[in-house]
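Take a look at the structure below.
The values are calculated or read from the model by the stated rules, or taken from the named source; none is laboratory data. Computed from a prediction, not measured in an experiment: that's the story for all the values here. Cβ placement follows ideal geometry from the backbone for every residue including glycine, while neighbour counts extend to all protein chains displayed. Heavy atoms of the whole protein, side chains included, go into the accessibility calculation; ligands, DNA and RNA do not. Shrake-Rupley method; radii C 1.70, N 1.55, O 1.52, S 1.80 Å.
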Amino acid sequence: AVFSSPHSGRAYPADMIARSRLSALQLRRSEDAFVDDLFAAAPAYGAPLLRSAAPRAFVDLNRGPEELDPALIEGVRAAGLNPRLAAGLGVIPRVVAEGVAIYSGKITKAEAAERLRLHWSPYHDALDALLSEARSRTGVAVLIDCHSMPSDAIRNAPYVRGYRPDVVLGDRFGVSCAPWL
């Protein structure tokens, strides 16, 4: 298994904070705060943990590099209907949690490309290498993508044997992994 924590990054670039409409604390609303710390012991048990340094509000490592938001990035044209982009949640997010805008205006296409080059590509190259290594060692590679859930989702979760869940395992409704797993 390979553990990945793509939304735990907390290294906010100073120029992002300076250009943002939000305070440093408000920018953190999109983080999966400290999820990487929850899984920090994985390497001691033989499973690598890949942690993002870049915050989700700066670059979302769980989006495709083509998911560029024309409402945020100059010179990008809309390419069909994408509900994540419409919500401001592209690979370079336009909003933090609850739809709060990060910037007053747009960023350049060159700046978006630089974020992808410096953060998105290295993260995915490292993830691909870890998965290939796991596959060559054991014949199979299982990616455990680690996230937190919004507090309202937990508040609305059903009780099971008198408790609400501490951990929720998801498979994107059967899309992201084989049923046996």
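Quick notes on this structure:
- Among residues of segment 143-156 being without any contact (Cβ under 8 Å) to a residue 12 or more places away in the chain and charged (D, E, K, R), the one that is least open to solvent (accessible area, probe 1.4 Å) is Asp152.
- Scanning segment 1-40 for residues that are in contact with a Leu (Cβ under 8 Å, 6 or more places away or on another chain), among the acidic types (Asp, Glu) and surrounded by fewer than 17 Cβ atoms within 10 Å (Cβ to Cβ) gives no hits.
- Lone qualifier among Ser136, Ser148, Ser132 - being touching a helix residue (DSSP H, G or I) at 6+ places or on another chain (Cβ under 8 Å) and hydroxyl-bearing (Ser, Thr, Tyr): Ser148
- Of all residues in segment 105-142, those being over 28 Å from Leu72 (Cβ atoms) and either among the aliphatic types (A, V, I, L, M) or open to solvent by less than 50 Å² (accessible area, probe 1.4 Å) (or both) number 7.
- Subset of segment 41-69 that is in contact with a strand residue (DSSP E or B) (Cβ under 7 Å, 6 or more places away or on another chain), part of a loop (DSSP other than H, G, I, E, B) and among the hydrophobic types (A, V, I, L, M, F, W, C) - its residue that is surrounded by the most Cβ atoms within 10 Å (Cβ to Cβ): Ala57
- Enumeration of residues in segment 93-116 that are part of a loop (DSSP other than H, G, I, E, B), free of Cβ contacts under 8 Å to residues at least 40 places away in the same chain and under 17 Å from Ala24 (Cα atoms): Arg94
- The criterion of being at negative phi, open to solvent by less than 30 Å² (accessible area, probe 1.4 Å) and out of contact with any Phe, Trp or Tyr (no Cβ under 8 Å at 6 or more places or on another chain) holds for Val95.
- A single entry from Leu81, Leu85, Leu72 fulfils the requirement of being surrounded by fewer than 17 Cβ atoms within 10 Å (Cβ to Cβ) and either farther than 24 Å from Ser132 by Cβ or touching a Gly at 6+ places or on another chain (Cβ under 8 Å) (or both): Leu81.
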